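Here's the structure, in structure tokens; my notes come after.
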Amino acid sequence: MTKESLPRLIPTGTCWCGCGTEIGLGSFFARGHDKVAEAALVAVKYGGSIPQMLHANGFGPSHSVTAKAVEEAGWMTCSRCDYVGAPAGVRNHQKKCTATKEN
């Protein structure tokens, strides 16, 4: 699924985790509540198990979710090692990374 195929969501001024906290326009969550909502969704849909979530969505040891994120979601791999993440996370990682890939 690409970003272009997702619906455009509009922040409402109320935290989307369901807590009812009023937040500034332009934000979906009160600070930290995005992680609360994420954990709650995994608990409700997959019994709190990330492996169950990955399996239910067709991922696992033989079908890498991180490779799919690089391929379709703009993620990248560190040029010095095998670290994979969103561009901002990889840039942060590269500031500390001392590894060198074997050629």
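Couplings 3J(HN,Hα) of segment 85-100, computed from phi: x, 5, x, 5, x, 5, 4, 4, 4, 5, 5, 10, 6, 10, 6, 9 Hz, in residue order, whole Hz [Karplus 6.51 cos²θ - 1.76 cosθ + 1.60, θ = phi - 60°; x for Gly and Pro].
Once you order the gyration tensor axes a ≥ b ≥ c over the Cα atoms, which shape class does segment 21-103 get: rounded for a/c under 1.5, otherwise prolate or oblate by comparing a/b with b/c? Could you put the intermediate results ahead of the total?
Working: a/c = 2.64, a/b = 1.35, b/c = 1.95.
Cα axes put segment 21-103 in the oblate bin.
Taking each DSSP H run with n ≥ 4 as -39500 (n - 2.57) and averaging over every residue of the chain yields -11000 deg cm²/dmol at 222 nm. Per-residue Karplus couplings for segment 16-21, computed as 6.51 cos²θ - 1.76 cosθ + 1.60 with θ equal to phi - 60°, are listed in order as 7, 6, x, 6, x, 5 Hz, Gly and Pro entered as x. Rolling a 1.4 Å probe over the protein heavy atoms of the chain, with every protein chain left in place, gives an accessible area that is 56 percent carbon and sulfur.
Only the Cβ atoms of Lys and Arg (+1) and of Asp and Glu (-1) were treated as charged; on that basis the dipole of the chain about its Cα centre amounts to roughly 280 debye. Treating r as the C-beta distance of ALA73 and ILE10 and R0 as 25 Å, the FRET efficiency rounds to 0.70.
For segment 60-72, putting each phi into the Karplus relation 6.51 cos²θ - 1.76 cosθ + 1.60 with θ = phi - 60° gives couplings of x, x, 9, 9, 6, 5, 6, 4, 5, 5, 5, 5, 10 Hz, in residue order, rounded to whole numbers and with x for Gly and Pro.
Protein heavy-atom accessible surface, 1.4 Å probe, per residue over segment 63-103: 73 Å².
The values are calculated or read from the model by the stated rules, or taken from the named source; none is laboratory data. As the structure is a computational prediction, the values presented were derived from the model and not from experiment. Neighbour counts are summed over all protein chains in view; Cβ atoms, including those assigned to glycine, are modelled from backbone coordinates with ideal geometry. Ligands, DNA and RNA are excluded from the accessible area calculation, which covers all protein heavy atoms including side chains. Shrake-Rupley method; radii C 1.70, N 1.55, O 1.52, S 1.80 Å.
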